[in-house]
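Q: After the structure tokens below, expect a handful of questions from me.
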Amino acid sequence: ITSEKATLTVTPKLTITAQPVAATVCEDETATFTVAATGAGISYQWQTNNGGAAWTNIAGSTGTTLTVPAAAAQDGFKYRAVITGTCGTLNSAEATLTVIPKLVITAQPISATICEGETKTFAVAATGENITYQWQTNAGGATFTDIAGANAATLTVPASLTNNGYKYRVVIISTCGTLTSEKVTLTVTPKLTITAQPVAATVCEDETA
């Protein structure tokens, strides 16, 4: 006697085929994490540890991709996907978000009025990562050009009547962008000069000198 035939149905096991990868982005940009898996009845739930030890679900993040607006407070946060299928549950690799501070000018240079022959130091302050500086002047015209060797946060200018009215600014470059400071004006006041000296006089008594 031969029994009835019985069919064996094998559901593919749950397998992660692409893990999320750590991301480094500038502040106020967005980071994207992606995961891929094969199996049956798959669903996703992204989680974060918020910089701590415990993992919590991110509301509404149930796709293969997670997009995160990067704020400074999220630097070091970790993310992972919990993948559930017919044949079990897997956690993806943990991916770390590194947020680079955006470039911000915290103190602008200030216009100055000084006497001829003195010097003026203009200064700027900025926060960010890998900052470099390039001071520029318009040399009394309309176009700003780089000042050779002026690559610090300060610029010292010897004041002469030649550069009276010159404008100065600094271009600041960082990992997360470029900013140009406000323009400042150097006003040079002519130094005090005696142009005619008194001369000895010989006069008769009762006359005037």
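Read-outs throughout are calculated quantities, based only on the coordinates presented, and are distinct from any laboratory measurement. A quick note: this is a predicted structure, and the numbers were derived from the prediction, not measured. Neighbour counts run over all protein chains shown; Cβ positions are idealised from the backbone, glycine included.
Q: Any idea what the relative contact order of segment 1-109 is, in percent, if you count C-alpha pairs under 8 Å spaced at least 6 apart?
A: Worked out over segment 1-109, it gives 33 percent.
Q: Expressed as a rounded percentage, what relative contact order does the chain have, with Cα pairs under 8 Å and six or more residues apart?
A: 17 percent
Q: While we're on this one: What do you get when you divide the Cα radius of gyration of segment 1-135 by 2.2 N^0.38 Å, with N the number of residues?
A: Relative to the rule-of-thumb radius for its length, segment 1-135 sits at 1.86.
Q: Compute the distance from the alpha-carbon center of segment 54-78 to that of segment 171-209, in whole Å.
A: Answer, in whole Å: 61.
Q: Next question. Anyone know which of Lys167, Lys102, Lys191 comes out most mobile in the 10 Å Cα GNM of the chain?
A: Greatest mean-square fluctuation among the candidates belongs to Lys191.
Q: Which peptide among 131-141, 193-203 comes first, and what is the full order, when sorted by highest mean count of other Cβ atoms within 10 Å?
A: 131-141, 193-203
Q: What does the charge count around Pro109 come to, taking other residues whose C-beta lies under 11 Å from its C-beta (Lys +1, Arg +1, Asp -1, Glu -1)?
A: That works out to +3.
Q: Next question. What residue among Val104, Thr86, Gln134 has its Cα farthest toward the positive end of the dipole of the chain, where the charges are +1 on Lys, Arg and -1 on Asp, Glu, each on the Cβ?
A: Farthest along the dipole direction, towards plus: Thr86.
Q: Can you say what percent of the DSSP beta bridges in the chain, counting only those with both residues inside, are antiparallel? Round to 5.
A: 85 percent
Q: Let me know the longest stretch in the chain that avoids all GluC sites (Glu not before Pro) found in a DSSP loop with at most 11 other C-beta atoms within 10 Å.
A: Working: sites that count: Glu4, Glu205, Glu207.
Longest stretch, sites excluded: 5-204.
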